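K.L.:
Handing you a structure now.
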Amino acid sequence: MDKLFSFLSLDKNKNTDGNTAVDRGEPIADIALLLEGTYPYIRGGVSSWVHQIITGLPEYTFSLIFLGGESSSYGSQKYELPDNVVHLEHHYLMDLTEEFKPKRRKGNPKAFADIRGLHEQFKTGKPIADKTLTSVFNNIGREGGISKQDFLFSEQSWKVISDSYEKYCTEPSFIDYFWSVRIMHAPLFMLAEAARNMPHVRSVHSISTGYAGLLGVMIAQQRDIPYILTEHGIYTKERKIDLAQASWIYDPVADLGGALDDEVGYIRQLWIRFFELSGRLTYQKSNPIISLYEGNRQRQIDDGAEKEKTLVIPNGIELEKFREVREARGVEVPMVLGLIGRVVPIKDIKTFIRAMRAVCDELPEAEGWIAGPEDEDEEYVQECKDLVRGLGLENRVKFLGFQDIFQLLPQLGLMVLTSISEALPLVILEAYAAGLPCLATDVGSCRELIEGGSEEDKKLGKSGEVVPIADPDAVARAAVSLLTDTTRWYESQKIGLERAQRFYTHKMMFDKYRTIYSEALASFESSTVDQGNS
């Protein structure tokens, strides 16, 4: 892309070719959805949820703001956009193609002092003053504030970076620190420009913290419109996992090990603090703050969210859509273990493969099917396929790529998740709706989904089995037990379907979001009337 961002205005035929400027007059949409690395270009649980929300609430119009890394990492749209999506634009945070000839600049001392004050206030753990947020986010990317050239070349920028290095940095060279700060903050200028130039909407809804959350903070701060946050997984936690394993960060600390509580180097910790700050700011500015289950709500509170603003809205499933899938299931329990998900490290596909070696030793006819996109981490995909060959499972473990779940689910005997991190996996609810028991690692809400959350829910019983993280032997034992005990299998099937019917229907979810959107739009209209009368 020649420009840092492009606007795509959608007509009724969803023709997204070309760039079209959008009128900033009357609101073009009720809700702007801020989507980082997900819908409509990536398939997965979050994308399925976004599509579900848009199609399930046709009375509202949506503007989609997509944030990605490099544009080359994303192919064509994976979803056909519903009619109530009236606008789509995308911004690629790593496509920083603008080049400036270095030129000596003084920089605005007041604007840089505000940035320094923002960081200092963050260290106290207290909420950031609204006037500080307004000053910082109004200044980013503006001439007379902190333009990108000021950030790259000014004396004030050099002073802030060098002073922070001398005051706080304990480990890396100044060059490593200098470039880390530059890379970390560069996307903020794109976000600021996106916030100023996106079309007028009545409310904004971010589906994560991180860069999407920061964009939401900027929009809400500049335009004074309602800001809703939904976190599927806890973004800060997931980034800590990624950063603990990231090879692109130079880290002199030996034997990192990848655990979150291990000692980590200063630059790695700097990145972690950056995402902690973005999370804290997003929690401060958004209301309500929604999670998918109680455990994540408590984590949001621990990470700085005000308890009064938090609430839980679980994922929901449309059970009637799966009636034919349930009816297509045969009497015999298929000896097929299915893992539906992206082939990426956080799904821990390797544990599933290792478990299949033990399962096949007990049940020679058993097969393991891995159904999900393979284009996100090609190196990891190859490692998984090499592991299959190394364990002699070429005829037993199959990589199917993306599949139609309505065709796939009746052929499975057990749904398996071996993830090291989840929120509330929609795939488990889909399995229940299709009449399929589940086996999952003890992450996110998986234990609640399988054993029950509330006391009323727990009375239903277990709809599968929960196992420890990264324990292929435990996965294998539980899988063999479920597949060979027909009575238990059918009991688990019955409980799973009843659990979905009583606690996880799409109507329950839509009704709650309908109320939230209605309140947000009423607040917008009230604010507009007040401004008109003033």
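Readers should treat all values here as calculations from the given coordinates under stated rules, not as data from a laboratory. This structure is a prediction, so every number in the text was calculated from the model and none was measured. Please note: Cβ atoms are built from the backbone with ideal geometry, for glycine as well, and neighbour counts cover all protein chains shown.
K.L.:
Simple spin-label model, 7 Å along Cα-to-Cβ: Ala186 to Lys126 in nm?
P.N.:
In this crude label model, Ala186 to Lys126 measures out at 3.6 nm.
K.L.:
Could you tell me the center-to-center distance, by alpha carbons, between region 163-211 and region 502-529 in angstrom?
P.N.:
If you average the Cα positions of each part, the centres end up 31 Å apart.
K.L.:
Provide the gained length on full extension for the span Gln222 to Thr515, in nm with one decimal, where the gain is 0.36 nm per separating residue minus the Cα-Cα distance.
P.N.:
103.0 nm
K.L.:
On to the next question. In terms of Cα to Cα distance under 24 Å, which lysines are near enough to Lys458, apart from those fewer than 8 places away along the same chain?
P.N.:
Cross-link targets: Lys494, Lys507, Lys512.
K.L.:
Also: Restricting everything to alpha-carbon atoms, can you work out Rg to Rh for region 319-504 with a Kirkwood hydrodynamic radius?
P.N.:
With Rg and the Kirkwood Rh in hand, the quotient comes to 0.94.
K.L.:
For region 32-122, which chymotrypsin sites (Phe, Trp or Tyr not before Pro) are both in a DSSP coil and crowded by at most 16 other Cβ atoms within 10 Å?
P.N.:
Phe100
K.L.:
Taking only complete DSSP H runs, can you tell me which helices of the chain stretch 24 Å or more along their own long axis by Cα positions and average at least 0.5 on the Kyte-Doolittle scale?
P.N.:
174-197
K.L.:
Moving on to the next point. Given the Cα atoms of region 293-338, and with Rh set as the inverse mean 1/r over their pairs in the Kirkwood sense, what is Rg to Rh to two decimals?
P.N.:
Taking Rg over the Kirkwood Rh, I get 1.32.
K.L.:
Can you tell me which aspartates and glutamates have their Cα less than 13 Å from the Cα of Lys285? Leave out same-chain residues fewer than eight positions away.
P.N.:
List returned: Asp130, Asp224, Glu306.
K.L.:
Same structure, new question: Going by C-beta contacts inside 10 Å, put Arg299, Arg354 in order with the fewest on the left.
P.N.:
Arg299, Arg354
K.L.:
So which of Lys237/Lys385; Lys167/Lys350; Lys240/Lys309 end up more than 32 Å apart, counting from Cα to Cα?
P.N.:
Lys167/Lys350
K.L.:
Quick one: length gained pulling Lys494 to Ala522 fully straight, 0.36 nm per residue minus the C-alpha distance?
P.N.:
Gain on stretching Lys494 to Ala522: 5.9 nm.
K.L.:
Only residues of region 44-63 count here: report those whose backbone N is under 18 Å from the spot 7 Å along Cα→Cβ of Ser76, or say none.
P.N.:
44
K.L.:
Check the straight Cα-Cα distances from Lys321 and name the aspartates and glutamates below 16 Å, setting aside those fewer than 8 residues away within the same chain.
P.N.:
Excluding near neighbours in sequence, the set is Asp404, Glu430, Glu498.
K.L.:
Something else: What distance in nm separates the two pseudo spin-label positions at Ala328 and Lys103, each 7 Å out from Cα along the beta-carbon direction?
P.N.:
Those two pseudo-labels are separated by 6.4 nm.
K.L.:
What distance in nm separates the two pseudo spin-label positions at Asp442 and Leu387, each 7 Å out from Cα along the beta-carbon direction?
P.N.:
Output for this residue pair reads 2.1 nm.
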